[in-house]
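**Q** Okay, here's the structure, questions in a sec.
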Amino acid sequence: MRETDRRHAELLWRHHLMGHGTRQADIAVALGGTNLGVAAHAAGLYHRGLFPVLVLSGGNSPSTLARFPRGEAVHYREHVLALGVPDEAVLLEPDSANTGENIAFTRDLVARSGLDPRTVLVVCKPYMERRAYATVRKLWPSVEPVCSSAPLSLDEYIEDIGDAKLVVDMVVGDMQRVIEYPARGFSIPQPVPEDVLAAFDALVRAGYDGRLIAP
């Protein structure tokens, strides 16, 4: 990766992080994805006593079907149980196919379960924090979302995934969704600094467009 591209990606990476820290919450929801890091982070937070109930949310998407053929939430459940989270503390939402459905289906599952949370700890990938927060605020306005992700730098995340182009594509794709999804009714609008917008445009021009929304 060119050094200028790395600097631009770092700027987007830092903007995606909400800086909420870790706080006590009524429940947590772990958003499904392409690897088990989110599930492992959620299990660690549970063992710290930060919440009593963990919702694992995710069905399948084209990018996860081969890795998690039985669905993201099902594989996440197996992982958190192996890490010592008790089965009775876990709720499963196995049908969602995108972040909006993650939140909407979790909201409905929690209500059906008789829970009435006021705070929700949203556990996700680092570059998804800002979009996850905005989605909860839009689709589940009765709760206060607090976002948490594994404390990884961009370079550490690239090393973990093993594909710099893919990671920067995902960071750029989430930035586009932060910008465009409010107009589609998927999330609340958030201010984006001019230097972040410039970095986003530069990365798109440099070819990091693999996760952009289709026209």
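**Q** Output the number of the condition that Leu91 fails; it satisfies all remaining conditions of (1) at pLDDT below 95; (2) in a strand (DSSP E or B).
**A** It is condition (1) that Leu91 fails.
**Q** Run down Phe51, Phe105, Phe68 and say which single residue is of a type in the set (Phe, Trp, Tyr) and at pLDDT below 95. Break it down stepwise before answering.
**A** On the way: Phe51 fails: at pLDDT below 95; Phe105 fails: at pLDDT below 95.
Exactly one residue qualifies, and that residue is Phe68.
**Q** Between Leu81, Leu92, Leu65, which is touching a Lys or Arg at 6+ places or on another chain (Cβ under 9 Å), over 21 Å from Glu144 (Cβ atoms), open to solvent by 20 Å² or more (accessible area, probe 1.4 Å) and of a type in the set (A, V, I, L, M)?
**A** Values: Leu81 fails: touching a Lys or Arg at 6+ places or on another chain (Cβ under 9 Å); Leu65 fails: touching a Lys or Arg at 6+ places or on another chain (Cβ under 9 Å).
Answer to the selection: Leu92.
**Q** For region 105-121, give me each residue that is in contact (Cβ under 8 Å) with a residue 24 or more places away in the chain, outside any loop (DSSP other than H, G, I, E, B) and open to solvent by 20 Å² or more (accessible area, probe 1.4 Å).
**A** Phe105, Arg107, Leu109, Thr119
**Q** Answer yes or no: is there a residue in region 158-166 that is closer than 25 Å to Asn35 by Cβ, surrounded by 17 or more Cβ atoms within 10 Å (Cβ to Cβ), in contact (Cβ under 8 Å) with a residue 40 or more places away in the chain and not hydrophobic (A, V, I, L, M, F, W, C). Walk me through it before giving the result.
**A** Initial filter on region 158-166 (closer than 25 Å to Asn35 by Cβ): 158-166.
Add one more test, that the residue is surrounded by 17 or more Cβ atoms within 10 Å (Cβ to Cβ), and what stays is 158, 164.
From the residues that got through so far, the ones that are in contact (Cβ under 8 Å) with a residue 40 or more places away in the chain too are 164.
So of that shortlist, the ones also not hydrophobic (A, V, I, L, M, F, W, C) come out as none.
Taking every residue of region 158-166 in turn, none turns out to be closer than 25 Å to Asn35 by Cβ, surrounded by 17 or more Cβ atoms within 10 Å (Cβ to Cβ), in contact (Cβ under 8 Å) with a residue 40 or more places away in the chain and not hydrophobic (A, V, I, L, M, F, W, C).
**Q** If I ask for residues that are of a type in the set (A, V, I, L, M) and under 15 Å from the mean Cα position of the chain (by Cα), which ones from region 72-107 would you list? First the steps, then the outcome.
**A** Taking region 72-107 as the starting set, the residues that turn out to be of a type in the set (A, V, I, L, M) are 73-74, 80-83, 85, 89-92, 97, 103-104.
Residues satisfying the conditions are Ala73, Ala97, Ile103, Ala104.
**Q** Ok, one more. Looking at region 201-208, is at least one residue open to solvent by 60 Å² or more (accessible area, probe 1.4 Å), of a type outside the set (Ser, Thr, Tyr) and over 23 Å from His41 (Cβ atoms)? Give the steps one after another, and end with the answer.
**A** Of all residues in region 201-208, those open to solvent by 60 Å² or more (accessible area, probe 1.4 Å) come to 201, 205.
Still in the list and also of a type outside the set (Ser, Thr, Tyr): 201, 205.
Now restrict to residues that are over 23 Å from His41 (Cβ atoms): 201, 205.
Looking through region 201-208, at least one residue is open to solvent by 60 Å² or more (accessible area, probe 1.4 Å), of a type outside the set (Ser, Thr, Tyr) and over 23 Å from His41 (Cβ atoms).
**Q** Any residue at all in region 108-121 that is under 11 Å from the mean Cα position of the chain (by Cα) and at pLDDT 95 or above? Spell out how you get there, then give the answer.
**A** The first filter runs over region 108-121 and keeps only residues under 11 Å from the mean Cα position of the chain (by Cα), leaving none.
Looking through region 108-121, none of the residues is under 11 Å from the mean Cα position of the chain (by Cα) and at pLDDT 95 or above.
**Q** Looking only at region 26-44, count how many residues are over 21 Å from Ser61 (Cβ atoms), outside any helix (DSSP H, G or I) and open to solvent by less than 10 Å² (accessible area, probe 1.4 Å).
**A** The qualifying residues number 2.
**Q** Related question: Which ones in region 68-78 are open to solvent by less than 50 Å² (accessible area, probe 1.4 Å) and of a type outside the set (Phe, Trp, Tyr)?
**A** Step one: filter region 68-78 for residues open to solvent by less than 50 Å² (accessible area, probe 1.4 Å), giving 68, 71-76.
Hits for region 68-78 are Gly71, Glu72, Ala73, Val74, His75.
**Q** A further question on this structure: Answer yes or no as to whether Val178 is among the β-branched types (Val, Ile, Thr) and either farther than 22 Å from Met18 by Cα or crowded, with 16+ Cβ neighbours inside 10 Å (or both).
**A** Numbers: among the β-branched types (Val, Ile, Thr): yes; either farther than 22 Å from Met18 by Cα or crowded, with 16+ Cβ neighbours inside 10 Å (or both): yes.
So Val178 passes the test.
**Q** Turning to a different aspect of this structure: Go through region 122-156 and give me each residue that's open to solvent by 10 Å² or more (accessible area, probe 1.4 Å), part of a helix (DSSP H, G or I) and either touching a Pro at 6+ places or on another chain (Cβ under 6 Å) or at pLDDT below 95 (or both).
**A** The answer is Tyr133, and nothing else.
The values are calculated or read from the model by the stated rules, or taken from the named source; none is laboratory data. Since the model is a prediction, treat every value here as computed from it, not as a measurement. Glycine also receives a Cβ, built like all others from the backbone with ideal geometry; neighbour counts cover every protein chain displayed. Ligands, DNA and RNA are stripped out before the accessible areas are found, and what is left, the full protein with its side chains, is counted by its heavy atoms. Shrake-Rupley method; radii C 1.70, N 1.55, O 1.52, S 1.80 Å.
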